[in-house]
Every structure is written in C-alpha cells, then in structure tokens.
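Shown next, in structure tokens, is the structure this report addresses.
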Amino acid sequence: MYFKTDRCPIEATADMHFCAAQGRDHTECCRRNGVTTTLAGTKCLTFCDQRPDRYVPLPFRGALRHPFTLLTFRITKLDYSYVPCYDRFEQMKQCFYNEIREKASRQYGSR
C-alpha cells in the first residue's frame with residue numbers, strides 16, 4: 001500500500017480505518033497489543049484513534065460524507081516514517097474487531 005504495489009491504493013487508508021474502527025478511539029487497546037513497539041512508536045496510534053474530530057491519516061482532504069452528517073477531520077499527512085506501522089495493522093484490526101464483538105454481545109446477547 002505504501003509503495004503503491006498493492007491493489008488497494010493508499011488513498012483508501014483513511015476510509016478503511018475509519019470504517020473498521022467504527023469512528024472510535026482504540027488507543028488503549030492498541031497500546032496493550034504492542035502497536036507502539038515499532039520504530040515509528042506512538043505515531044502508529046494515529047491509526048487507532050478514528051474519532052471524527054481526531055487525526056485522519058494520509059492524503060485525505062476535507063470531510064467524509066456520512067449518510068447522516070458531514071464529518072470533519074484534522075489531517076495527519078503520512079510519510080515514510082509511518083511505514084513501520086504497517087507491521088502492526090493486524091493488532092489494530094484485532095482491537096477494532098474485539099470492540100465490535102463486545103458491543104454486539106452487550107446489545108444482542110452472547111451466543
């Protein structure tokens with residue numbers, strides 16, 4: 001993705017992370033899961049906090065159109081110093097998934 005060798009363009013990163021994170025802050029889970037243990041350190045937490053009023057990584061400009069509202073973001077421009085974060089995307093995704101599963105369990109009961 002970072003080197004444009006992936007079929008998914010880097011321009012899609014913000015949308016994918018916002019959707020996967022459900023627009024929530026997963027910073028504490030990311031810390032517990034070792035997301036900051038790369039050469040990029042705490043920069044990787046940028047991908048974990050996807051609240052609309054927080055940082056959105058990459059060349060994403062302006063606002064994201066949501067079915068019910070217009071969400072505005074502060075922009076974090078990615079550079080090569082964020083590349084080590086790619087090694088922790090699985091840990092980030094695990095945080096996103098766990099919260100979705102826990103929320104569904106609370107709302108609909110566990111199965």
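Nothing in this text is a laboratory measurement; each read-out follows from the coordinates by a stated rule. Just so it is clear, the model here is predicted, and its values are computed rather than measured. Note: ideal-geometry Cβ built from the backbone for every residue, glycine included; neighbour counts use all protein chains shown.
Quick look at the values:
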read-out: Neighbour-count order for Met16, Met92, fewest beta carbons within 10 angstrom listed first; value: Met16, Met92
read-out: Summed residue charge, Cβ within 11 Å of Gln91's Cβ, Lys/Arg positive, Asp/Glu negative; value: +2
read-out: Two-site label geometry, Glu90 and Leu39: point separation in nm, points 7 Å out along Cα→Cβ; value: 2.1
read-out: Fully extended contour minus Cα-Cα distance, from Asp25 to Glu99, at 0.36 nm per residue; value: 25.6 nm
